[in-house]
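What follows is a set of notes on a single structure, which appears directly below.
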Amino acid sequence: MLRNTGRLLRHSPTPHKQKPFFLTQLRGKICAQNINCANAEVAAERVSVYHTARMTRLYPNDTIAAIATAPGAGAIAIVRVSGPDAFAIADRLFRCPAPPPSQRAAGTFVHGQVVLPDTGEVADDALLLVFRAPYSYTGEDAVELQGHGGTLPARRILQAVLACGARQAEPGEFTKRAFLNDKLDLTQAEAVLDLIAARSDRAARLATAQLDNALGRTLRKISDSVLAAAADVEAMLDFPDDELPQSVPTEICCQLDAIMAQISALLATWHEGHLVREGARVVIAGAPNVGKSTLLNLLTGRERAIVTPHPGTTRDTIEETLVLQGIPIHLTDTAGLRNAPEQIEQEGIRRTHAALEQADLCIYLVDASQPLQKGDADFLASRSPHKTMILGNKIDLGQQIHVQNVQNHEYLAVSLKNEPKIDEIQAKMVKKIVPDPVLGDSTHVAISTRHQKLLHNAQEYVTNAKEALKTGSEADYLPAANLLRDALEEIGQILGENCPPDVLEAIFSRFCVGK
């Protein structure tokens with residue numbers, strides 16, 4: 001295959017001192033406007049000031065501190081300090097046997113006392129751990145002060161650290177510094193947040209694999225393939241048409257087909273990965289007194305909803321969460337659907353319809369001991385079979401409804417009183433929510449919504465590049481190379497190599513303080 005890498009800028013992580021793409025964009029906007037040189041200079045100066053301010057915020061060089069453990073009673077409380085003055089602060093406030101913290105080896109700890117710098121009062125007995133750059137979590141000099149658990153002891157230690165010149169860390173700032181210091185890429189930083197928020201073992205395993213760079217490695221392989229294809233396309237520009245082998249564009253198109261297949265495989269993981277991380281919304285609906293609250297209680301294993309023989313007992317939505325096959329299921333029990341005379345019940349029914357609009361699945365209960373009612377038939381006619389399953393309850397009293405009565409909807413006959421078939425109901429729920437699972441036990445990669453959008457863009461660029469090459473016209477080779485370069489930019493944003501500062505701030509602001 002042709003190679004002429006001298007024409008192609010190597011795709012690599014954006015160095016910290018390199019001007020980010022937003023500055024180039026702003027300068028481009030200035031040039032695009034028909035303004036005189038003086039105004040252009042003023043505008044450029046404003047851009048420079050903006051750039052300096054943003055870079056100072058993006059790449060801070062001060063020392064930060066925060067409580068890293070959850071508030072409340074506990075065995076220990078940890079205060080984390082990171083930055084160029086971490087050891088100087090530790091020397092000032094931590095009383096321990098010689099040598100002082102700044103002269104201790106990395107990875108060691110020492111017992112001592114945290115003292116208030118102004119008064120010398122002992123704030124707490126504590127352990128101090130030493131981490132030296134670049135081998136700390138943040139890549140900076142850092143210390144951890146481990147004192148007694150509880151809100152007040154940790155707060156006193158933090159106040160002592162702040163009094164010595166540290167700044168209160170912002171949410172996610174420790175992980176943000178780890179990212180900026182190349183300790184992890186952006187997918188790994190996002191995995192830290194996913195691991196903290198995991199609500200099932202499956203979600204935790206997925207986050208741990210991503211933290212181990214499973215997704216990053218996959219994306220870099222795709223990026224390398226796109227880069228190789230772009231280099232081949234640009235090399236074609238140096239060959240006259242009569243000297244270029246006719247097979248070359250076809251071979252590059254085959255490369256692009258393989259790239260699109262890899263991107264498609266990643267895109268296919270989004271839906272299930274989203275459900276594992278965020279959960280699925282399941283609404284239990286039906287007419288009054290068909291067993292909705294009974295089903296909620298059976299699924300959750302406790303008496304969450306009041307059950308009476310009187311219709312209309314549930315006036316508001318009741319929410320509970322359980323985990324099925326690693327997927328958090330957010331259950332909502334709703335008010336019975338009917339023409340209600342009372343205003344409070346009407347409001348409950350309105351909330352039922354609102355919940356149904358947001359649902360990934362509706363479990364609709366009918367009284368199987370009676371013929372299918374018109375209200376039930378009308379409701380089912382308005383629902384997609386893919387997002388609805390029907391339970392025919394009360395078959396212990398007789399069975400008047402059968403599969404053929406519910407058209408294309410999946411139907412299961414049960415007696416929630418005598419034979420609830422909860423295991424079968426749960427299995428059908430998961431099958432409805434994830435009809436075509438792609439994440440097996442050996443699959444450790446699943447993209448997020450942010451990744452999905454960028455990968456869609458990258459796939460579109462690669463597809464368009466292939467179409468340009470298929471024309472066989474030399475005039476389309478440069479546009480094809482540019483499209484592949486655009487695809488590299490999209491993949492680079494996922495990894496954080498050229499991610500806009502606003503996006504970074506939005507990601508790290510979702511973290512808790514101290515992480």
PRE zone check, label point 7 Å out along Cα-to-Cβ of Asp125, amide N under 20 Å, scope segment 139-161, hits 144-158
Looking only at aspartates and glutamates whose Cα falls under 12 Å of Lys466's and that sit 8 or more positions away or on another chain, we get Glu251, Asp257, Asp476
If amide H atoms are modeled at 1.01 Å from N in the peptide plane, then the residues at a separation of 5 or more from Thr269, or on another chain, having amide H under 5 Å from its own are Ile447
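Which order do peptides 465-474, 79-88, 431-440 fall in by mean Cβ count within 10 Å, highest first?
Working: 465-474: 17.6, 79-88: 23.2, 431-440: 14.6.
Put in order of decreasing packing, that is 79-88, 465-474, 431-440.
Can you sort Ser136, Ser264, Ser102, Ser223 so the residue with the fewest Cβ neighbours within 10 Å comes first?
Details: Ser136 25, Ser264 11, Ser102 15, Ser223 21.
Ordered by Cβ neighbours within 10 Å, fewest first: Ser264, Ser102, Ser223, Ser136.
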Once the in-chain neighbours fewer than 8 apart are removed, the lysines whose Cα is under 27 Å from Lys515 read Lys17, Lys176, Lys183, Lys453
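Determine, from the Cβ-Cβ distance of Arg220 and Asp62 and an R0 of 22 Å, the FRET efficiency 1/(1 + (r/R0)^6), rounded to the nearest 0.05. Walk me through the intermediate numbers first.
Numbers: r = 32 Å, r/R0 = 1.47.
It comes to 0.10.
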If R0 = 22 Å, then Ala261 and Val503, at their Cβ-Cβ distance, give a FRET efficiency to the nearest 0.05 of 0.20
Highest mean packing first, using Cβ neighbours within 10 angstrom, the peptides 382-388, 356-362, 65-71 sort as 65-71, 356-362, 382-388
Phe109 and Ile422 label points (each 7 Å along its Cα→Cβ direction) are spaced in nm at 4.2 nm
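Distance cut-off 24 Å, Cα to Cα: go down the list Lys394/Lys421; Lys374/Lys421; Lys221/Lys431; Lys221/Lys432; Lys387/Lys421 and report the pairs above it.
Details: Lys394/Lys421 13 Å; Lys374/Lys421 27 Å; Lys221/Lys431 33 Å; Lys221/Lys432 34 Å; Lys387/Lys421 20 Å.
In this structure, Lys374/Lys421; Lys221/Lys431; Lys221/Lys432 exceed 24 Å between Cα atoms.
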The answer for Ile76, listing residues at least 5 apart or on another chain whose modeled amide H is closer than 5 Å to its amide H, is Gly149
So Leu322 and Arg350, fully extended at 0.36 nm per residue minus their Cα-Cα distance, gain in nm 7.6 nm
A correct Karplus calculation of ³J(HN,Hα) over segment 225-238, with 6.51 cos²θ - 1.76 cosθ + 1.60, θ = phi - 60°, whole Hz and x for Gly and Pro, returns 5, 5, 4, 4, 5, 5, 4, 5, 5, 5, 5, 4, 5, 8
Neighbour-count ranking for Tyr461, Tyr364, Tyr411 (other C-beta within 10 angstrom, fewest to most) reads Tyr411, Tyr461, Tyr364
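Computed from the coordinates by the stated procedures, all read-outs in this text should not be read as laboratory data. What you are looking at is a predicted structure, and each value in this text was computed from that prediction instead of being measured. Cβ atoms come from the backbone with ideal geometry, glycine included; neighbour counts cover every protein chain shown.
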